[in-house]
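The values are calculated or read from the model by the stated rules, or taken from the named source; none is laboratory data. Nothing here was measured: the structure is a model prediction, and the numbers come from that model. Virtual Cβ from ideal backbone geometry, glycine too; neighbours counted across all protein chains shown.
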Amino acid sequence: MENSKTLPVVGSSRRQFLKTSSVAIGSALASPLVFAGQSSSATLKVGLVGCGGRGSGAAAQALSTGEGVVLTAMADAFMERVQSSRRNLMADKQFGSRVKVPDSACFAGLDGFQKVIDSGVDVVLLATPPGFRPQHLRAAVEAGKHVFCEKPVATDAPGVRSVIESAAQAKEKNLALLVGYCWRYHPARRAFYEKVHQGAIGKVRAVYATYLSGPVKPMPPASRRPAGMSDVEWQIRNWYNFAWLCGDGLVEQACHSIDKIAWAMNGVLPLKAVATGGRQFPNNEGNIFDHIDVFYEFPDGVRAFMAQRQITGCYSDNSDYLMGSDGVGAIKNWNDPTITGKENWRYSGPKADMYQVEHDELFASIRNGKPINDAVRGAHSTLMALMGRMAAYTGKEVTWDEALNSQEKLVPDDLTWDMKLPIKPMAMPGQTKFI
């Protein structure tokens, strides 16, 4: 599937990765250039790739950024999802009249993403299962399109390296490229982490993040697989249960919490990680864990702990706890962030929909000639999640360099509907090898 060349592996290091990443982000955000052929009044044509709930939501948010945005092309692996999404978007009273997607611009199949890119759109929204993200992102950037790219950006290290290449290419072309780590666009969280970085709790010594929830998309029994349905279609229709497509629950869902750990650390990369995890309840044919706890080590002895679980009937929590030398910070579920320390603080500022804010800022950056490009930061957070999965699946301590340079490639090359695609066995810590 992801068959493009990747960054060199030999000699890559955490220090080199951080240096290259920082330059890429800084240069992209500082670029004063105006996009060729576009003005603040130009109509921006948007194409949607991936018409599930998150993709349809992204399209709605893009259309809600202003009258000068129209949706002109849509694609999904399955046509029924394209039609359902188009129908629902057209019914919206706010922007439905700007859904201008004829039948001829509705695409289905594994190559639908390319047809959307080639349809004449200016902006591409990528919201398929994340296993496809590196290939789709590379194609969009090579074609000169601005991109909204949902999180996580990949399900394996080769995919992450490909995304970093695409981020650099987007920078060279002055293209906007925003990754959907939506909490980065939440006003209360922005204010909280700004205060943390200003020293409100002193030096951050430890972070504890939780993503404890129920199952997202339970795997149906094999008996429900329709006769004649191919391996590929069966797995894509149940994508959340296969590591090559979703990355595991730690990567696909809890990556938001891992991104907030990265945010707390202000871009400092972890040195290494160990993890525990497994499968408490059978998953039929699927091969992802239903719980993983990751223990990250950062420079100067700083630690971060990520607790992730997706099991019915258990305690639920989605919070962030920061412990500093002079105080503590907490974001308890969806409540306003608080700080207890030299000064006590609770966020009391304006509220806003973070999903809308990220699209507002993306489209504003396209129009004002200052393109957002946070894809390397998104790659950092994705690789942190993958690093935790690698440690949990193998039972080994995994360093940042090992995770970055991993040769384990989960996404198949040259994917076709009718190909045989055996399901990889569930990982067994202590037996599964690190690649």
Checklist entry - Do you know which residues across the stretch 32-56 are surrounded by fewer than 15 Cβ atoms within 10 Å (Cβ to Cβ) and either under 24 Å from the mean Cα position of the chain (by Cα) or modelled with pLDDT of 90 or more (or both)? => result Thr43, Gly53
Item to check | Filtered residues of the stretch 272-297 (kept if farther than 15 Å from Ala403 by Cβ and of a type in the set (A, V, I, L, M, F, W, C)) | outcome: Phe281, Ile288, Phe289
Next on the checklist: Quick check on this structure: which one of Met323, Met306 is touching a Gly at 6+ places or on another chain (Cβ under 9 Å), part of a strand (DSSP E or B) and either β-branched (Val, Ile, Thr) or over 30 Å from Asn241 (Cβ atoms) (or both)?
Outcome noted: Met323
Item to check | Looking only at the stretch 383-420, and only at residues there that are outside the structural domain of Ala243 (by TED's automatic domain parsing) and of a type in the set (Val, Ile, Thr), the one that is nearest to the chain's Cα centre (by Cα) | outcome: Val411
Checklist entry - Which one of the conditions (1) in a helix (DSSP H, G or I); (2) crowded, with 23+ Cβ neighbours inside 10 Å; (3) not polar (S, T, N, Q) does Phe148 fail to meet, given that it meets all the rest? => result (1)
Checklist entry - When you look at Ala127, is it small (Gly, Ala, Ser), outside the structural domain of Ser257 (by TED's automatic domain parsing) and over 17 Å from Ala59 (Cα atoms), yes or no? => result no
Checklist entry - Within the set of pairs 6 or more residues apart or between chains, which connect a residue that is modelled with pLDDT of 95 or more inside the stretch 88-102 to a residue that is surrounded by 14 or more Cβ atoms within 10 Å (Cβ to Cβ) and aromatic (Phe, Trp, Tyr) with Cβ atoms less than 8 Å apart? => result Leu89/Phe95
Checklist entry - Given the structure, is Val121 of a type in the set (Val, Ile, Thr), touching a residue at least 60 places away in the same chain (Cβ under 8 Å) and closer than 19 Å to Gln61 by Cα? => result yes
Next on the checklist: For the stretch 90-102, check the following and say yes or no: at least one residue is among the β-branched types (Val, Ile, Thr), within 24 Å of Glu172 (Cβ to Cβ) and part of a strand (DSSP E or B).
Outcome noted: no
Item to check | All positions within the stretch 189-236 that are over 18 Å from Lys342 (Cα atoms), surrounded by fewer than 14 Cβ atoms within 10 Å (Cβ to Cβ) and either over 18 Å from the mean Cα position of the chain (by Cα) or not assigned by TED's automatic domain parsing to the domain that holds Phe305 (or both) | outcome: Gly214, Pro221, Ala222, Ser223, Arg224, Pro226, Ala227, Gly228, Met229
Next on the checklist: Can you report the number of residues in the stretch 279-332 which are of a type in the set (D, E, K, R), in contact with a helix residue (DSSP H, G or I) (Cβ under 6 Å, 6 or more places away or on another chain) and crowded, with 19+ Cβ neighbours inside 10 Å?
Outcome noted: 1
Checklist entry - Going by the conditions given, is Gly329 over 20 Å from the mean Cα position of the chain (by Cα), outside any loop (DSSP other than H, G, I, E, B) and not aliphatic (A, V, I, L, M)? => result yes
Checklist entry - Is it fair to say Arg377 is under 30 Å from Glu233 (Cα atoms) and either touching a residue at least 60 places away in the same chain (Cβ under 8 Å) or surrounded by fewer than 17 Cβ atoms within 10 Å (Cβ to Cβ) (or both)? => result no
